[in-house]
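Visitor: Got a structure here, written out as structure tokens. Questions coming.
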Amino acid sequence: MARGTANIRSATRNDYRPEQIPAFLEKDWFTHHLPHVPETSPKLLRRTAAVRLVQWVLGGSMGDSAAYLGIPSRGAKFHTGEAVSRVDPFEFHQGLEGIAGEICSTSFPVDYHRRREALRGWALDQVAWENIIKQLTPTPASWHPPAFDDRKRQVASVFVWVQVTQGEHVFAPRPIEAAQTPEVQRKWGLTRNTTWCHLTRPDAAPHYADLRKVLTEYASQLARSIDDGESLTQQ
């Protein structure tokens, strides 16, 4: 195959299933197989790679494959046309072939599509949230007590959704936020990225590090329940 003439559909790797592709390509796959491209967003490349891998199997347009992954047609970007011109098509294609090879060799592949469908419109209910709070280390009396309101519950729900589906947090369902008044939604929107950063940064403050640990354990249990075909009792 000549450089720059990679086919849309893989010529050698199309024996995996589209449900094995997470909406946001796993970081290890991205790091090991796709080239570093200066002035190109790694986030967009990971998203584009996931869409292309699904397209190789399903055919159709990239928009169709993005929809399958739960990536909305509006408000989401992936590399097409001029935007992908900075990426060597041959290297990109070869990288996707390598990722496809890893997927095909996976002994127990995850059905990410099932997980996304199970958590469509999902959020932690109040009972689950209170149980999570009980597992946190008590805050010292001298510290300012952290908030455990609906806004924090929504952020926690997004974190769990991301862990289970391997999707991007910007595309997570937000039913708790959607139920608020427009004014409250605007206020939550202003702090959304800040709170997400507090929860996910490597050097998170003790409260957020503790909350992240408990939420990660909850997400693992939830993922197992979905993979085992159990009916979710809380939505």
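Visitor: Figure the gain on full extension for residue 73 and residue 32 (residue separation times 0.36 nm, minus the Cα-Cα span) and round it to one decimal in nm.
Guide: Values: separation 41, 0.36 × 41 = 14.76 nm, distance 2.86 nm.
Full extension of this stretch gives 11.9 nm more.
Visitor: What FRET efficiency would be calculated for the residue pair residue 44, residue 181, taking the C-beta separation as r and a Förster radius of 35 Å, to the nearest 0.05?
Guide: Working from the Cβ atoms, E equals 0.55.
Visitor: Could you work out how much longer the chain between residue 169 and residue 193 gets when fully extended? Use 0.36 nm per residue separation minus the Cα distance between them, nm to one decimal.
Guide: Roughly 7.6 nm would be gained on extension.
Visitor: Efficiency by 1/(1 + (r/R0)^6): what FRET value for residue 91 and residue 61, r their Cβ-Cβ distance, R0 = 25 Å, to the nearest 0.05?
Guide: 0.60
Visitor: By how many nm would the segment from residue 107 to residue 225 lengthen if fully extended, with 0.36 nm per residue of separation less the alpha-carbon distance?
Guide: 40.6 nm
Visitor: Looking at this model, which pairs from 43/187; 152/187; 43/213 are more than 20 angstrom apart at the alpha-carbon?
Guide: Beyond 20 Å: 43/187; 43/213.
Visitor: In debye, nearest 20: dipole of the chain around its Cα centre with unit charges on the Cβ of K, R (+) and D, E (-)?
Guide: Values: 28 positive and 26 negative charges, 107 e Å.
Roughly 520 debye, rounded to the nearest 20.
Visitor: Then there's this: Could you compute the FRET efficiency for residue 120 and residue 149, with r as their C-beta to C-beta distance and R0 at 25 Å, rounded to 0.05? Please report the intermediate quantities before stating the final value.
Guide: On the way: r = 24 Å, r/R0 = 0.98.
FRET efficiency, residue 120 to residue 149: 0.55.
Visitor: Counting heavy atoms of the protein chains only and a 1.4 Å probe, report the per residue accessible area for the chain as a whole number of Å².
Guide: That works out to 55 Å² per residue.
Visitor: Given that just one value was derived from the coordinates, which of [x] 0.98; [y] 1.12; [z] 1.20 is Cα Rg over 2.2 N^0.38 Å?
Guide: Answer by label: [y].
Visitor: Quick one: dipole size for the stretch 17-69, taken about the Cα centre, charges +1 on Lys/Arg Cβ and -1 on Asp/Glu Cβ, in debye to the nearest 20.
Guide: 40 debye
Visitor: Could you check the spin-label model distance between residue 142 and residue 127? Points 7 Å from the Cα along Cα→Cβ, value in nm.
Guide: 4.0 nm
Visitor: Take the alpha carbon atoms of the stretch 112-235, find their radius of gyration, then divide it by 2.2 N^0.38 Å using N residues; give the quotient.
Guide: So the stretch 112-235 has a normalised radius of gyration of 1.05.
Visitor: Taking the Cα atoms only, what angle lies between the long axis of helix 150-165 and the longest principal axis of the chain, rounded to 10 degrees?
Guide: 30 degrees
Visitor: Where nothing but the Cβ of Lys and Arg (+1) and of Asp and Glu (-1) is charged, how large is the charge dipole of the stretch 116-228 around its Cα centre, in debye to the nearest 20?
Guide: 260 debye
The values are calculated or read from the model by the stated rules, or taken from the named source; none is laboratory data. For clarity, every value in this text was computed on a predicted model and none was experimentally measured. Every residue, glycine as well, gets a Cβ built from its backbone with ideal geometry; the counts of neighbours run over all protein chains shown. Remember, those area values only see protein heavy atoms, side chains included, never the ligands or the DNA or RNA. Shrake-Rupley method; radii C 1.70, N 1.55, O 1.52, S 1.80 Å.
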